[in-house]
Amino acid sequence: MAVESDFSQDEKKLTITVKGRFDFGRHQEFRNAYERQPVRPDSVVVDLKDATYLDSSALGMLLLLRDHEGGEDACISVINTSPDVRKILAISNFEKLFDIS
């Protein structure tokens, strides 16, 4: 599976890990990773350590996640970004919407 989700033991943090290409082909897997959870987390971490590619549809998926988790009040971090991915996120002004590292 290219998208995996894992709750912390206290169920307050949901980590979504994307492996391989983060593009429209991962749309349903990515949505299922946060929509089909029995508990709403306090924070969400999107780990892109193993992501090899990111396109505009991935940016849209991140925005949908943000809306689902409460919009401006959402606590979402995008971690382990490669320099190329970080550049795409910066050009898109996503550092204003997400905590990116």
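Some points to look at:
- Residue check for residue 66: modelled with pLDDT under 95, open to solvent by 30 Å² or more (accessible area, probe 1.4 Å) and not aromatic (Phe, Trp, Tyr): no
- Residues that are in a strand (DSSP E or B) and of a type outside the set (Gly, Ala, Ser) were ranked within the stretch 17-37; the one that is most open to solvent (accessible area, probe 1.4 Å) is 21.
- Criterion: assigned to a strand (DSSP E or B), in contact with a strand residue (DSSP E or B) (Cβ under 6 Å, 6 or more places away or on another chain) and hydrophobic (A, V, I, L, M, F, W, C) - qualifying residue of 58, 51: 51
- Some residue of the stretch 70-92 being in a helix (DSSP H, G or I) and within 17 Å of residue 2 (Cα to Cα): no
- Sole residue being at pLDDT 95 or above, of a type in the set (Gly, Ala, Ser) and surrounded by 15 or more Cβ atoms within 10 Å (Cβ to Cβ), chosen from 74, 58, 51: 58
- Residue count for the stretch 64-88, restricted to those that are of a type outside the set (Ser, Thr, Tyr) and closer than 17 Å to residue 50 by Cβ: 8.
The values are calculated or read from the model by the stated rules, or taken from the named source; none is laboratory data. Small disclaimer: the values here were computed from a predicted structure and weren't measured. All Cβ positions, even for glycine, are placed from backbone atoms using ideal geometry, and neighbour counts span all protein chains on display. Protein only, heavy atoms only, side chains kept; ligands, DNA and RNA dropped before computing areas. Shrake-Rupley method; radii C 1.70, N 1.55, O 1.52, S 1.80 Å.
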